[in-house]
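See structure below.
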Amino acid sequence: MTSNTQYIAIDIAKQTLQVQSDLQSLSLLYNQEGLKQLRAFIKRHQHPMVIAEATGGYERPLMSMLYKYKITVALLNPRLARAFAVSEGIKAKTDPIDAKMLLSFAKEKSPRPTEYIGAQREELGALMDRRAQLTEHIAKEKNRLDKNQKIICGSINKMIRILDKELALIEARITKLIDSNEQMQAQSKLMQKYVELVRIPHGRSLPTSVKLHRSIAINS
């Protein structure tokens with residue numbers, strides 16, 4: 001980045017964005033109105049670059065907005081950011097402290113911008129997030145079978161069947177999406193040469209192309 005880059009650090013939570021730059025610190029709701037306010041705030045900076053941590057999916061709406069308006073952003077691995085915090089002796093962990101830490105990281109390390117992964121890879125990531133949610137729900141429902149009276153088991157089994165059906169639909173969409181993209185399909189075939197089927201917690205088996213979705217979704 002240029003020497004006059006103005007960094008804007010953002011700590012992402014489920015419902016809020018903690019924003020920190022040399023101009024100002026502010027807390028925004030993580031919704032469409034909050035993102036609109038964030039964009040207005042970013043416009044106050046010359047040569048802005050946003051710094052944020054990957055948060056397991058919470059970052060998606062923010063990243064989509066930044067890419068839409070061609071705002072430069074670096075998405076950091078959380079372990080890298082945490083290692084920097086430890087090296088700086090930062091032990092407390094609150095949203096404002098994390099935002100200030102990210103700003104310090106950016107000034108010292110000058111991270112490289114994160115390139116746009118493309119609409120299809122964004123869609124794949126969202127589908128895989130949903131698949132993980134459904135998988136977790138199914139596992140929880142199956143655990144409840146051993147802890148409830150028989151009068152409740154019928155309802156639990158009914159819910160498992162519903163979730164299984166929805167999971168199958170999501171998995172079909174994932175497979176269709178990968179098959180529609182030559183690059184993702186090639187990556188999928190390459191992975192399958194080295195890794196066998198992966199066992200899913202609640203008993204389903206999926207090809208490596210689905211299990212290792214993050215490699216396909218992120219790498220271009």
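Given Lys14/Lys70; Lys150/Lys176; Lys14/Lys91; Lys14/Lys140; Lys68/Lys165, which pairs have Cα atoms separated by over 28 Å?
Where the Cα-Cα span goes over 28 Å, the pairs concerned are Lys150/Lys176; Lys68/Lys165.
Across the range 19-25, in residue order, what do the Karplus-derived ³J(HN,Hα) couplings come to in whole Hz, using 6.51 cos²θ - 1.76 cosθ + 1.60 with θ = phi - 60° and x for Gly and Pro?
Residue by residue, the range 19-25 yields 10, 9, 9, 5, 7, 6, 10 Hz.
Just the accessible area per residue of the range 80-185, please: how many Å² with a 1.4 Å probe?
Averaged over the residues of the range 80-185, the accessible area is 64 Å².
Heavy atoms of the protein only, probe of 1.4 Å, neighbouring chains included. What is the accessible area of Thr94 in Å², nearest 10?
60
Students often forget the sequence filter, so: which aspartates and glutamates lie under 20 Å Cα-Cα from Lys107 once same-chain residues fewer than 8 apart are removed?
Within reach: Asp11, Asp22, Glu53, Glu88, Asp95, Asp98, Glu115.
Let me check something: with ligands and nucleic acids excluded, how do Ser188, Ser64 order by accessible area (1.4 Å probe), largest to smallest?
I get Ser64, Ser188, largest accessible area first.
Amide H neighbours of Ile8 under 5 Å, counting only residues 5+ apart in sequence or on other chains, H built in-plane at 1.01 Å?
Hits under the 5 Å cutoff: Met49, Val50, Ile51.
Can you tell me the dipole magnitude for the range 90-198 around its Cα centre, using point charges on the Cβ only (Lys, Arg +1; Asp, Glu -1), in Debye to the nearest 20?
Roughly 400 debye, rounded to the nearest 20.
I'd like the accessible area for Glu115, computed on protein heavy atoms only with a 1.4 Å probe and all protein chains in place. Round to 10 Å², please.
Surface accessible to solvent at Glu115 totals approximately 140 Å².
Summarise the accessible area of the range 1-155 (1.4 Å probe, protein heavy atoms) by the percent that is carbon and sulfur.
51
In sequence order, what are the phi-derived ³J(HN,Hα) couplings for the range 78-86 according to the Karplus relation 6.51 cos²θ - 1.76 cosθ + 1.60 with θ = phi - 60°, rounded to whole Hz, with x for glycine and proline?
Whole-Hz 3J(HN,Hα) from phi for the range 78-86: x, 5, 5, 5, 5, 4, 5, 4, 5.
The values are calculated or read from the model by the stated rules, or taken from the named source; none is laboratory data. This structure is a prediction, so every number in the text was calculated from the model and none was measured. Don't worry about glycine lacking a Cβ; one is built from the backbone with ideal geometry, like all the others, and counts go over all protein chains shown. We work out accessible area using only protein heavy atoms, side chains counted, and drop any ligands, DNA or RNA first. Shrake-Rupley method; radii C 1.70, N 1.55, O 1.52, S 1.80 Å.
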